[in-house]
Structures are given as structure tokens and as C-alpha cells.
Amino acid sequence: MTLSRRKPNSLATTWKKFWSEPGFAILTSVLALAILLFIVVPVLAVLLKSFGIGSGALTIEHYKEFFSSTSYLISLRNSVASAIMTTIIVTILSIAVGLYVTRSRSYLSRFYGGVALLPLVTPPFIFSLSLIILLGRNGLITQLLNSWFGWEFSIYGFWGVVLAQVIGYFPIGYMLVEGTLRTMSPSLEHASRDLGSNQWGTLRKVTLPLAKSGIIKAALLVFVMALADFSNPLIIGGGLPFLASETYLAVVGQHNMELAAVMGVFLIFPSLIIFIFQTYYLKDTNLETISGESGGSNAPLSKSVKAVMAGISTLFILFVLGMFVMVVLGAFVKIIGINNTFTLEHFKEQTEWGSLYTSIIVSFISAIFAAVIGMLQGYLFARKPIPGKQILEFLTLFGLAVPGTVMGIGYVLIFNGPPFFLTGTVTLLVLNMTFRKIGVGMENSISKMHQIDSSMEEASNDLGAGPYRTFLKIIAPILSPSFVAGFVYTFMTAMVSISSVVFLIAPGTNLAAVYILNLAQQAKIGMASAMSFVLIVIVLACMGLLKFIEKRTGVKI
């Protein structure tokens, strides 16, 4: 009886406190409605559409159609298989490169750490382009192998997709594994060595078990991203069906939204399960990697371990650099491998500059909105008594976890008719990119708010400033690094984003990444490389700015 009485009283007290500052309460309500409309409703729309709701009676016929088609089942199998292979390879490479970078103090290891992040500055399908230049039917290496040994080789197909995904998604796995290895207590590794274990034994029994949460997180994220990848299979899949690419073709080729929604459901549920697993299970296991004494140097690698890790790292880093070199060469020669005459004609296409201009405008506006909303959410969630706060935070972060393909289909279902007819407009592109990225700015601001003593706000209120003026004069300046970091991150990722916006563009609102994808599908390698080169330069500049902000402010992105 006591508990049953306390709960309503506690809830009533929370609501009373929530409305004690009406301005913040109204702002929170508006943000909550926006989160529901631009993150939750599109996902629900895909789920309902898969059962025919919205276009007829409730039915499971579309699921029957999916399971009765050999092609769709093969696409599901190919997607799962390529995601598993990509995850395994990326995880192994992340551990090897992460160990070499964190356990070595040479300039070479720092250089490797920087190059490992380079794939972040391009759309993931750019590496399919490079692989085709090198290993396509008329690729540079293919021609050499054919002329020397008579081998006929082509990268198109399953392993081409896996290879492109490995390079494209490696930075995601590497950042998580490297971060875990770097923050690990060195005392346990030193103790293991002092007790007589060699380094291979220490790695197997101490280092890797302690790093398991970071490794599992990395593997799960890479798996979800590889499963939802549709661009690489389109370019280098050689006609082999994959689930995400079949979903894309069902929308743009067949206009079969119901079947596309069914395939979208198979992309949502792995993401949802993994997101919940990461949020509520792995979050509590992070402490084991930073427990004990910290601040000392990690145990250096022995000669044998270092040789293996350095060898794997060197081969992979050279391969990544080779991929970028191919893009640059492809941009500045007429037909790479056939006519290597220097030219700038690939940069003269007017359409590409128009799409680049649209990308910059859309990314800039999205970055402003995402940074502002993320900062406000961080402050409100960290300081204010909001009913259902954890649910709102979960839903905001869920926007990052939903595959872009699914979100794009959801936006088409919701915003392609009354009362919100926005398909094909810049407004919808901005809304899509904004609400898929606000989770990063929000988490940054929450972390920053936890470092600020609430006594500053109390003192300001006691001096008569009031809660709103305190926020504008005290909190907003303190959160400005989080705002800038959120802005740069959103702008950088929005510039190379493709999976959701590819469903939302129209003539006049085409974006650079989508334009490059179309060029690559039409085998216009030179123009695609030129546009990719410009995009890489812009995003690299943003990445440099991001690192500068991290160094100056200590805000970790």
C-alpha cells in the first residue's frame, strides 16, 4: 500500500516540477513531438506498411511473397554472410592495428592511426570505385595478371562487396577497439608479464578479455552497418542480390513499397536488438576496462608480437592509401589504365557543382539544427525533471541506430502526401539529416553538463537571474564546445550520407554523394573520381577542424 501511494505522488511531483518552468516544459514537449514525428513515426510506418496497413487490409501476403521468392531469400543470405565476413575481418584488423598503435610510440604508429580513420571522409561506396579501377574487368592489376600469367580475374561479386565494406567500415571498428585498448589499465598486463607469462599469453588471457566490451561493440556496429549497406552491392556486387540493395530497387524500380517495407523490417530488428544490447548490457561492462590504476604506459609489444601486428597494420594501411590514390589518379587522367593523359575535364561538369552546392547547403543547415537541438536536449535531460526522460533519450539515440534505408522509406511513406507533402524538398533532406544526427550532440552535451557543478546555476538563480537567463548567460557559453563539435560532426557525416537521402531527392535537390553513386553505376569513373576528390577535400578539412576542437576544448567526439 505504501508503494502504491508513493508512485502517484512521485509522478505528480515530477509533473509539477516539470511545469514549474513553463518555457523549458514547452520546449521539451516540442522536442518530444519532433522526435516522435521524425524518428519514431517513420520506423512505425515501415512496420505497418509491411502488413499492408495504409494501402489495404491487414495482411501477411507481403511476407509470404518475400519467403516464396528464391531471389529475396538469396539476398537475405548474401547480406548476412557478407556482414558476418566483414565483421570478422574488420574485428581482427581493428585488434591488430589498435594494438600496434596503442603499444608503440613511433611516428609510424601515429601515422597509421591517422590513416586508419581516412575512410570516414568518403561515402562508403567510394572504395568500390577504387577496387574496380584496380581489379575490375579492365583494372590495372587485372590487366597485368592477364598479360603476365593469362589469368582472367574480376572483383565483381560477393568478395568485392566484402572487401569494399571492410575498408569502408573499418574506422568504426577501429575507433572503438583502439579506445578500449588505450584506456585499459596497464598494471594488469605488467603483472601478467611479471608472473612469467609471455606476451602472446598476456594478450590471450588478459588484454583481449579486458577489451571484450569494446571489441563486441565494434563487431556489432560493423555487422549492422554492413547488413544495411546498399551502395557497395549496387556498384561492385556484379548483379548478386543483397537485401538492402533489393530494398532500394523495390522502391525506385518497382515502386513496391509494401515489399520494400518487409525487407526494411529485416534490417530494423537486428539494429534494434543490437542497440538495446549495447545500451543496457555493454554500458555496464565498460568499467572493467578502466578499473585499477590508470595513467601509466601500456606494456610495450615484444618483438614477435610487434612484428606480426606491424606486418598486418602495414599491409592494410598501404591498401587503404592505395584506394585513395586510385580515386585521385582517376580524377586527373582521361581514362585511368587506358589513357593516362593528365586532364581537368572531369571537373567541368556543371551538374556536379550544383549537387555539391546543394550538399553543402543541406549539410550546413542540418548541422546548425542538430547542434542546437542536441545542446538543448543535453541541458534539459541532464538538469530538468522530465517525465519519461530515459525513453526520450533512448528514442533520440535510436535515430542513430536505424538503418538509413529504413529511415528513407519511412520518410517517403510519411511525407509523400497530406498533411506533410515534403518529398523532394530541401526541407525534408534537412529534417532527415538533422534528426538522424542529434544523438551525437545530445550525448556530448550531457557529458559536458555532468562535469559542471550545479552550484553555478544555483548561485545565478540566487542573484536573481532566473532559469532562462542563467541558461543563456551561464550554460550556453559553457556548452559552446559541444555545439561546435556537434556542428562539425553533423556537417562532415551529412556530406557523405547517402542511404536515407537517396529516397528523398528530386531533380534540383540532388546531393553530391547520390550523384557520385549514379556516376559509378554508369561506369563514369573519371567524373565520379573527380567529384569524390572534391568531397574528400571538403570533409578532410572538417575532420581537421574537428581534431583541432577536440585538442583545444577536450570535448571527445
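The values are calculated or read from the model by the stated rules, or taken from the named source; none is laboratory data. This is a predicted model, so every value here is computed, not measured. All Cβ positions, even for glycine, are placed from backbone atoms using ideal geometry, and neighbour counts span all protein chains on display. Just so you know, the surface numbers come from the protein's heavy atoms only, side chains and all, with ligands and any DNA or RNA stripped out. Shrake-Rupley method; radii C 1.70, N 1.55, O 1.52, S 1.80 Å.
The residues of the stretch 499-509 that are at pLDDT 85 or above, open to solvent by 10 Å² or more (accessible area, probe 1.4 Å) and not in a helix (DSSP H, G or I) amount to a single one, 505. Among residues of the stretch 384-403 being within 16 Å of residue 449 (Cβ to Cβ) and outside any helix (DSSP H, G or I), the one that is most open to solvent (accessible area, probe 1.4 Å) is 385. Being at pLDDT 80 or above and open to solvent by 20 Å² or more (accessible area, probe 1.4 Å) is a property that does not hold for residue 517. Of everything in the stretch 54-76 that is of a type in the set (A, V, I, L, M, F, W, C) and either at pLDDT 90 or above or surrounded by 14 or more Cβ atoms within 10 Å (Cβ to Cβ) (or both), the residue that is nearest to the chain's Cα centre (by Cα) is 76. Candidates in the stretch 114-145 are the residues that are open to solvent by 10 Å² or more (accessible area, probe 1.4 Å) and in contact with a Pro (Cβ under 6 Å, 6 or more places away or on another chain); of these, the one that is nearest to residue 225 (Cα to Cα) is 120.
Flag: residue 275 does not match the condition of being closer than 24 Å to residue 499 by Cα, open to solvent by 60 Å² or more (accessible area, probe 1.4 Å) and at pLDDT 70 or above. The set of residues in the stretch 329-346 that are of a type in the set (A, V, I, L, M, F, W, C), modelled with pLDDT of 85 or more and open to solvent by less than 60 Å² (accessible area, probe 1.4 Å) comprises 331, 332, 333.
Among the residues that make up the stretch 131-141, is at least one of them small (Gly, Ala, Ser) and not in a loop (DSSP other than H, G, I, E, B)?
For the stretch 131-141, residues small (Gly, Ala, Ser) and not in a loop (DSSP other than H, G, I, E, B): absent.
Applying the selection to the stretch 382-427, what residues are at pLDDT 85 or above, touching a strand residue (DSSP E or B) at 6+ places or on another chain (Cβ under 9 Å) and β-branched (Val, Ile, Thr)? Passing the criteria: only 414.
Matching residues to (1) modelled with pLDDT of 80 or more; (2) open to solvent by 20 Å² or more (accessible area, probe 1.4 Å):
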site	(1), (2)
437	yes, yes
461	no, yes
469	yes, yes
474	yes, yes
486	no, no
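Output the number of residues of the stretch 405-461 satisfying the condition of being polar (S, T, N, Q) and not in a helix (DSSP H, G or I).
Residues in the stretch 405-461 being polar (S, T, N, Q) and not in a helix (DSSP H, G or I): 5 in total.
When we screen 455, 500, 445, 480 for residues that are touching a residue at least 12 places away in the same chain (Cβ under 8 Å), among the small types (Gly, Ala, Ser) and farther than 23 Å from residue 232 by Cα, the only hit is 445.
Taking the criterion of being among the charged types (D, E, K, R) and open to solvent by 70 Å² or more (accessible area, probe 1.4 Å), the residues of the stretch 146-198 that qualify are 152, 182, 193, 194. The residues on offer are 363, 359, and the sole one that is in contact with a Leu (Cβ under 6 Å, 6 or more places away or on another chain) and buried (at least 21 other Cβ atoms within 10 Å of the Cβ) is 359. For the stretch 77-100, the tally of residues that are buried (at least 24 other Cβ atoms within 10 Å of the Cβ) and among the β-branched types (Val, Ile, Thr) stands at 5.
Considering only residues that are under 18 Å from residue 299 (Cα atoms), touching a residue at least 60 places away in the same chain (Cβ under 8 Å) and of a type in the set (Ser, Thr, Tyr), which ones fall in the stretch 68-107? Correct list: 100, 102, 104. Checked against the criterion of being out of contact with any Phe, Trp or Tyr (no Cβ under 6 Å at 6 or more places or on another chain), assigned to a loop (DSSP other than H, G, I, E, B) and on the phi > 0 side of the Ramachandran plot, the stretch 510-528 has at least one qualifying residue.
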